[in-house]
Amino acid sequence: MKHLLLAAAVASLTCCSAAQARELARWDFNTETPGWTPNTQTQLSVADGQLTVNSTGRDPFFSASVTGVAGWHRLTLSARHQGTTDVQIFWTTEKAPGTSEANSARSEFRGQPDTLKSLTIHFHTDSPLTSLRIDPLNQPGQMVIDKIVLTDDQFDTVKRLRKTDRWTGGESEPGHADGQREHAGSRQPDHHQA
């Protein structure tokens, strides 16, 4: 049954999607922090094309308005950080305008202070995407972000899940990548850190 569902999904996406993921937003921080708003436990500053995030508490985050269709999405964050931290993202949609744990995903980020590491999180929305919130740390500290990229990942995600045969057409179990434990959000495949 899952193969029939997957075949139908792939056929539908092949006729309606480009063979490459469509970039919805990119933040390179060459001049400023466009569109990102921090909470009271977060201080943002830009220098040399990088966003420095300083956390003064245990629940720092920053958010931005975005626009995207319903379906699979991919958020890629390239950053430097001393040690390991849980990165959590929240999203809002036209149907669900408030943030909630149900519309969130998290993954462990194993950082290095002198080397950029990339973390990729896939997530699914049942309604057009309206905003993103990133919780980069869960304690006081610092993370230096080189770029954040959001893509409409409909075709690539289904193709990848077809290859690994992990998708069931419904709720999926939390994924695992590179020995890291991941925490699933809404219909979410695995995450990956490079």
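Bear in mind that the values in this text are calculations on the coordinates, not laboratory data. Source: prediction; values computed, not measured. Cβ coordinates were reconstructed from backbone atoms using ideal geometry, including for glycine residues, and neighbour counts include every protein chain displayed.
Descriptive notes on the structure:
- J(HN,Hα) series, the range 93-108, from Karplus relation 6.51 cos²θ - 1.76 cosθ + 1.60, nearest Hz, glycine and proline x: 9, 4, 7, 10, x, x, 6, 7, 4, 5, 9, 8, 8, 9, 7, 6
- Restricting the GluC sites (Glu not before Pro) of the range 92-127 to loop positions (DSSP other than H, G, I, E, B) with no more than 12 neighbouring Cβ atoms within 10 Å leaves 94.
- Taking amide H as placed 1.01 Å from N in the peptide plane, the amide H of residue 70 sits under 5 Å from that of 129, each at least 5 places away or on another chain.
- Integer Hz, Karplus 6.51/-1.76/1.60 couplings in order for the range 66-82, x for Gly and Pro: 9, 10, x, 6, 5, x, 7, 9, 9, 10, 10, 10, 10, 8, 10, 7, 7
- Over the range 22-93, the pair-distance histogram of Cα-Cα distances with 10 Å bins from zero comes to 15, 50, 31, 4 percent, rounded to whole numbers.
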